[in-house]
Amino acid sequence: MTVRTLRGALTAVAAAAALAATALAPAASATSAAPAGGGAGRHAATQAAMEAQTTGPDKIPGVLGRAHDRHGSWHGGAGVADLTTHRQRLSLDRFRAGSISKVFSSVVLLQLESEGRLNLDEPVERRLPGVLRGNGNDGRRVTLRQLLNHSSGVYNYTEDAAFWQSLTKDFPKNRYATRKPSQLVATALKHRPYFEPGKGWHYSNTNYIVAGMVIEKVTGHSYADEIRRRVLRPLDLRNTTLPGTSSRMPDPHGRAYSKLNSTDPAAKIYDTTELNPSWGWAAGEIISTTGDLTRFYEALLGGRLLPRHQQRELLTTVPVQEQEMSAYGLGIARAKLSCGTTVWFHSGGIHGSTSLAASTAGGGHTAAFNLNGDWGGDLAALLEAEYCSAAKSAGPGLTRLASLR
């Protein structure tokens, strides 16, 4: 959810029994066979890229991956889910998805627009009078669309020095602290905007905190309830949850590990599995699985969640840097890979958990990954491996977008 590492700082009884057995089976790894029916050979480069994340000086404890295309589903794993028990990662292991949460919030606002309840080009001030005011910030000039594509200029609260310290060095004494959305926005408003609204691009978690507040003001319901009603239930995403202030992880799950932003290779590794994710709220609190994320991206890019006009808005991008190969839509990024394939994706990071969800246009080929450590890993390499079947160096545009947390 923050930028790079943590910063950078989510039927029938017989059939049900079969599904449960599959969920509790270890994911494929270097020491276990790939599941039948998924075509492991077509994903050999992906498996190799996952295993590479668990070796070397910055090795991550474990990686979980899943892909779905016209040939079927494949899932794989490398390393371990738990440094104490050394159990393998499971195909239905839940994890914190970080900023992959953002597009869920974006979908709700786009649906509200399609219902005539708001307009993305209206100012924030119309829905939240006085909320974005002071220190050069002016909600009368910032639109809802600019929040969603990060062109608002509003400061990213996770870049505030004191707040950042509370997430890193002081995490052990703050891990169960509850932060209210208004407090997160207040932290951002201590700073001047990065630029005039619409005159640049800067990734800011504050944008999606404000977006969540708009959802609640317009609907009269919690933003989480709106996501459950509009996205999770229609798509039957039963393994995706919004925990609010709860620090617990639903089973099954592995552990999450963090060095709390230390760059020392010998730094202490903390178990950060349990934490209060309210500091991420609508910008990054969701817990999910690789299966739910691939199903969500298939529906999202397949146009099943939004009317045609709002689908175009979702995928209308602004440049992230002066390269056409890297751009950002409304909670989702676009990049062209080394083999010419264009993918839509988002990464996510929160203490001890680094994730990625991706799809080709139309939702025909989806993929999702999770790393249970936040001090290393190469998400761009996983995209190149899955969609180009080769381990190649990613360009600067893709690398930058894949580091968004």
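The values are calculated or read from the model by the stated rules, or taken from the named source; none is laboratory data. These numbers come from a predicted model, not from an experiment. Cβ placement follows ideal geometry from the backbone for every residue including glycine, while neighbour counts extend to all protein chains displayed. Heads up: the accessible areas ignore ligands, DNA and RNA and are worked out on the full protein's heavy atoms, side chains in. Shrake-Rupley method; radii C 1.70, N 1.55, O 1.52, S 1.80 Å.
Summary table below
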{"quantity": "Residue satisfying all of: in region 382-405; surrounded by fewer than 24 Cβ atoms within 10 Å (Cβ to Cβ) and aliphatic (A, V, I, L, M); modelled with the lowest pLDDT among these", "calculated": "A394"}
{"quantity": "Count - residues of region 317-349 that are assigned to a loop (DSSP other than H, G, I, E, B) and over 17 Å from S105 (Cβ atoms)", "calculated": "12"}
{"quantity": "Any hit, region 4-12, residues being open to solvent by 10 Å² or more (accessible area, probe 1.4 Å), modelled with pLDDT under 50 and farther than 30 Å from L260 by Cα", "calculated": "yes"}
{"quantity": "Residues satisfying the stated conditions in region 229-248, i.e. buried (at least 21 other Cβ atoms within 10 Å of the Cβ) and assigned to a loop (DSSP other than H, G, I, E, B)", "calculated": "L237, T240, L242"}
{"quantity": "Criterion (touching a helix residue (DSSP H, G or I) at 6+ places or on another chain (Cβ under 7 Å), β-branched (V, I, T) and part of a loop (DSSP other than H, G, I, E, B)) met by exactly one of T178, T187, T206, T158", "calculated": "T178"}
{"quantity": "Residue within region 311-325 that is open to solvent by less than 10 Å² (accessible area, probe 1.4 Å), under 21 Å from Q146 (Cα atoms) and not aromatic (F, W, Y) present", "calculated": "yes"}
{"quantity": "Inter-residue pairs, beta-carbon under 7 Å, first over 22 Å from Y257 (Cβ atoms) and in region 45-74, second surrounded by 24 or more Cβ atoms within 10 Å (Cβ to Cβ) and acidic (D, E), 6+ apart", "calculated": "T46/E386; A67/E386"}
{"quantity": "Residues being open to solvent by less than 30 Å² (accessible area, probe 1.4 Å) and either assigned to a loop (DSSP other than H, G, I, E, B) or touching a Pro at 6+ places or on another chain (Cβ under 9 Å) (or both) - total across region 281-302", "calculated": "7"}
{"quantity": "Residue match in region 117-139 (condition: open to solvent by 30 Å² or more (accessible area, probe 1.4 Å), acidic (D, E) and within 18 Å of Y328 (Cβ to Cβ))", "calculated": "yes"}
{"quantity": "Long-range neighbours under 8 Å by Cβ, at least six apart or interchain, first residue closer than 14 Å to G98 by Cβ within region 231-243, second modelled with pLDDT under 95 and in a loop (DSSP other than H, G, I, E, B)", "calculated": "T240/L10"}
{"quantity": "Given (1) touching a Ser or Thr at 6+ places or on another chain (Cβ under 7 Å); (2) part of a loop (DSSP other than H, G, I, E, B), number of the condition L356 does not satisfy", "calculated": "(2)"}
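Matching residues to (1) open to solvent by 30 Å² or more (accessible area, probe 1.4 Å); (2) touching a strand residue (DSSP E or B) at 6+ places or on another chain (Cβ under 7 Å):
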residue	(1), (2)
L167	no, no
Y176	yes, no
L189	yes, yes
Y208	no, no
